[in-house]
Amino acid sequence: MSLQNNHNRQNWNQDWEFTKLWNAETGKPEFPEEKSNLVEFPHSNAALPYHYFTETEYSFRSGYRKKFIAEQAWEGKEVLLTIEAAAHVIEVFLNGQKLGSHEGGYTAYTLSLNDNLLLGQENELIFQVDSREELNIPPFGNVIDYMTYGGIYRNVYLEIKEKVWIADVYARAIPINIEEKDTEGQYPGRVESTVTLGSRETGDLPEGYTIRQKLAATSSDSTVESGKIFAGKFQSDKSLNGELVQKVTVKVNELKMTAPGIRLWSIDAPCLYILQTALYDGDTLMDEKETVIGFRRAEFQADGFYLNGEKIKIRGLNRHQSYPYVGYAMPEGVQAEDAVILKKELRVNAVRTSHYPQSQGFLDACDRLGLLVFTEIPGWQHIGDEAWKETACRQTEEMVLQYRNHPSIILWGVRINESQDDDDFYRKTNAIAHQLDPTRPTGGVRFLKKSHLLEDVYTYNDFVHTGRNQGADPKKEVTSDLSKAYLISEYNGHMFPTKAFDDEAHRTEHTLRHARVMDAYYGQEDIAGGFGWCMFDYNTHKDFGSGDAICYHGVMDMFRNPKQAAYVYASQEEGEAVLEISSAMNIGEYPGGAIGAVYAYTNADAVRMYKNNKFVKEFYPDRKEFPHLPHPPIKLDDFVGELLETQEGYERKKAEAIKEVLFAVAKYGQNSLPLLYKMKMLKLMLFQGMTFAEGMRLYYHYIGNWGGNVTTYRFEAVKSGRVVKSVLKEPVTKKVLQAIPGSPRLQKGNSYEAVSVRLRMTDQNGNLLPYYQEPLVLKVRGPVQLIGPAVISLKGGMGGTYLRTIGESGDIVLRVEGNDIEPVEVVIKVE
Ligand code: GAL
């Protein structure tokens, strides 16, 4: 938010000429005569296929050009241009003169256009963008397990400032004493802020200049009127001595809150405030800036993470910022959708922005939703030469300066993900982060145990779990300093890639592996928590993934549709009932027709199973395998339950004995039955009058139902004695397409807007049809464009698309048609 809500901001995302023609001799882009190819930011330098492509599609140099009239009214003012993200090096030319350049595709770049601006005339602004992966800057230099994409993929805006302006406000929102809650649930708090002014002049701040601040409520505190002023008024008296932007620091006095006090920012109630900073010359307003802040105390201690004094287990996922077809170039609204999915669908409390700083729009959403964030500098395993390291240091500086007001950020990652120790280098990145933001700890993600710990938190990718062993290593085996906190920054991922269209047993094992690792870190008090790898599948380089340029490591697919593993995260949280059954209950899906155990992922107390409407059994959370999880999966391993008693009339003891043998036959096969079970079978036949034929009948009727009549199963989640959710599995009689828009309406944002529509084929009961892969045709009406192809096929029964606005309001309609289904229409209002 430090980049937003500025005085006199004009979005400058529209009407850019774009060219891929590069003249190697002049080292310049060539623009065709006619303004033929106009684009809008966020822009991807290449339209990409869903899969099977390489980095050559986007790894090249390109040019963007804009011709504009500089208004006469800008005379005497400062004209500042901000490019929020240019992947990966940008050089800016105004009327043929180079004004500056910026290295690094993940942080914003601000420069002044004044130096060669022609007032009252046409000016030509050119961006030369280098998106080649051969660049000698992070994250490049070796292989990387993600596509790095190219283009100007975030917003560009212009600000017209007076000759002195507010370049930055760094606000520390401090709850003075979190033990001192008053009867209204409010606390005494204080804001300290450092205001940085920009100016071309050096010397003293001109006589009469003052900075005034106010703290106002936002609508996130429903108990006070939005905009209500809490505290305000102080005057600065420091001098100016800078050159251009960000040279003068005016340290602001402490601003004391007055009654009724402040509310804390927390995971459940992320209360936000706005710090309004205004620069005055006498009574004339020169500049103002709004900074959104939240009061919270976030601490990593040797035994874990504490938010506002309360110990919280971090349960998070890693997130890339990429999308099918456009790479990074999605507007803030779609980026923010991911925060909503993490918080409300996957119900995690944290996200790691692997492996770079992400969109301000995503971070704003994390602030609003109460999602904890671990963010980090760009990079992947490789450390380059001195020049490369200097760029990494600059990127560390930019990350902290541009993101430090977000209350959601609790940790800075100041190492190149999974790199070797390099003490000189990392001493520098640590010092930069600590100096620019003394309020937050540092971490740095490594795959090394006991490496040099220069940070405050040991953050480690623990991939120890292979399916049958421990879920995570204990802290003492990993960290080099037990007195500092320990956090697992990744797990699973490449250890068990899983496609939405893999067979059921594979998808279930994927889910259980996530459950096992979570259970392991929930069980170890001194592990602050973990971030699973990862939120969704992503396009990657040939050295990784499944050969089709996709890494299938997500708990969701590329369109953010949930795979089975998504539900083991969602079910850990209280609140709205979750019930997902791991199986579609088709024995033909399994070798030998043996389904084995089925799992229910639920936050309820128990699950009741009914077969053909007859009660079978009530099952409880599997605390034996998952002793530490808030809501362990529930193992459904007895599909016979009480049926031998209720349906066949056997008395209890005999029914149990028969079941034991039947289960053993299912498990080992009739011919390889262990001696113990052969004896038990014999006993039943000799002493209890059981015949072999009767045993076979029961087996085929209740277990090995191969070729038998297909059965109906109902599962009910029971909480406090009440059924809170139920799932019905029966033969598919109808295919129903679900189209789920990311939002029912779109409001004008900083750029064109876009919205996702997720598509899922279900049966008549809403169960996913995981092997539906048929084509669908996407048709749009109204002021809208489709992002990506108009004919797609679902994968694993799921898929999606994206719609973008074209600058007009009205209803946009997506119609989805298929061969053997009812068409579906989604209507989204553009306001
Ligand atoms: C880690 C890496 C991630 C991803 C993951 C897959 O080593 O940090 O970017 O590649 O492995 O499991």
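The values are calculated or read from the model by the stated rules, or taken from the named source; none is laboratory data. These numbers were taken from a predicted model, which means no experiment stands behind them. Note that we place each Cβ from the backbone using ideal geometry, even for glycine, and neighbour counts take in every protein chain shown.
Answer yes if at least one residue in segment 370-393 is closer than 27 Å to T291 by Cβ, of a type in the set (K, R), out of contact with any Lys or Arg (no Cβ under 7 Å at 6 or more places or on another chain) and surrounded by fewer than 24 Cβ atoms within 10 Å (Cβ to Cβ), and no otherwise.
Among the residues of segment 370-393, not one is closer than 27 Å to T291 by Cβ, of a type in the set (K, R), out of contact with any Lys or Arg (no Cβ under 7 Å at 6 or more places or on another chain) and surrounded by fewer than 24 Cβ atoms within 10 Å (Cβ to Cβ), which makes the answer no.
Which residues, counting only those in segment 474-484, are surrounded by fewer than 19 Cβ atoms within 10 Å (Cβ to Cβ) and free of Cβ contacts under 8 Å to residues at least 40 places away in the same chain?
K476, E477, S480, D481
Given (1) within 18 Å of A108 (Cα to Cα); (2) more than 16 Å from the ligand (Cβ to nearest atom), where does H355 come up short, assuming only one miss?
Of (1) within 18 Å of A108 (Cα to Cα); (2) more than 16 Å from the ligand (Cβ to nearest atom), only one is false for H355: (2).
Can you name every residue in segment 511-549 that is within 13 Å of the ligand (Cβ to nearest atom), within 19 Å of R560 (Cα to Cα) and in a helix (DSSP H, G or I)?
H514
From V813, V757, grab the single residue that is in contact with a Phe, Trp or Tyr (Cβ under 8 Å, 6 or more places away or on another chain), assigned to a strand (DSSP E or B) and either touching a residue at least 24 places away in the same chain (Cβ under 8 Å) or buried (at least 16 other Cβ atoms within 10 Å of the Cβ) (or both).
V757
Tally up the residues in segment 7-61 that are surrounded by 18 or more Cβ atoms within 10 Å (Cβ to Cβ), out of contact with any helix residue (DSSP H, G or I) (no Cβ under 7 Å at 6 or more places or on another chain), in a loop (DSSP other than H, G, I, E, B) and of a type in the set (A, V, I, L, M, F, W, C), please.
3
Filter segment 413-434 for residues that are of a type in the set (S, T, N, Q) and free of Cβ contacts under 8 Å to residues at least 40 places away in the same chain and give the result.
Q420, N430
Restricting to segment 494-527, give me the number of residues that are of a type in the set (A, V, I, L, M, F, W, C), out of contact with any Ser or Thr (no Cβ under 9 Å at 6 or more places or on another chain) and under 21 Å from N349 (Cα atoms).
Qualifying residue count, segment 494-527: 5.
Does segment 793-806 include one or more residues that are more than 25 Å from the chain's Cα centre (by Cα), free of Cβ contacts under 8 Å to residues at least 60 places away in the same chain and over 16 Å from K735 (Cβ atoms)?
Looking through segment 793-806, at least one residue is more than 25 Å from the chain's Cα centre (by Cα), free of Cβ contacts under 8 Å to residues at least 60 places away in the same chain and over 16 Å from K735 (Cβ atoms).
Suppose we filter R781, R745 for residues that are loosely packed, with under 15 Cβ neighbours inside 10 Å, basic (K, R), under 28 Å from W16 (Cβ atoms) and free of Cβ contacts under 8 Å to residues at least 60 places away in the same chain; which single one remains?
R781
Are any residues in segment 372-402 without any contact (Cβ under 8 Å) to a residue 60 or more places away in the chain and away from the ligand (no atom under 16 Å from the Cβ), and if so, which ones?
V373, E386, K389, E390, C393, T396, E397, V400
Does segment 464-473 include one or more residues that are at pLDDT 95 or above, within 16 Å of the ligand (Cβ to nearest atom), farther than 19 Å from R319 by Cβ and part of a helix (DSSP H, G or I)?
No: segment 464-473 contains no residue that is at pLDDT 95 or above, within 16 Å of the ligand (Cβ to nearest atom), farther than 19 Å from R319 by Cβ and part of a helix (DSSP H, G or I).
Which of the residues that make up segment 636-659 are out of contact with any strand residue (DSSP E or B) (no Cβ under 9 Å at 6 or more places or on another chain), surrounded by 14 or more Cβ atoms within 10 Å (Cβ to Cβ) and without any contact (Cβ under 8 Å) to a residue 40 or more places away in the chain?
Once the filter is applied, which keeps residues that are out of contact with any strand residue (DSSP E or B) (no Cβ under 9 Å at 6 or more places or on another chain), surrounded by 14 or more Cβ atoms within 10 Å (Cβ to Cβ) and without any contact (Cβ under 8 Å) to a residue 40 or more places away in the chain, segment 636-659 yields E645, Y650, K654, A655, A657, K659.
Mind counting the residues in segment 536-550 that are out of contact with any Gly (no Cβ under 6 Å at 6 or more places or on another chain) and surrounded by 21 or more Cβ atoms within 10 Å (Cβ to Cβ)?
6
Give L99, L135 a once-over and let me know the one that is at pLDDT 95 or above, crowded, with 17+ Cβ neighbours inside 10 Å and either touching a Leu at 6+ places or on another chain (Cβ under 9 Å) or not in a loop (DSSP other than H, G, I, E, B) (or both).
Numbers: L135 fails: either touching a Leu at 6+ places or on another chain (Cβ under 9 Å) or not in a loop (DSSP other than H, G, I, E, B) (or both).
So the residue among L99, L135 that is at pLDDT 95 or above, crowded, with 17+ Cβ neighbours inside 10 Å and either touching a Leu at 6+ places or on another chain (Cβ under 9 Å) or not in a loop (DSSP other than H, G, I, E, B) (or both) is L99.
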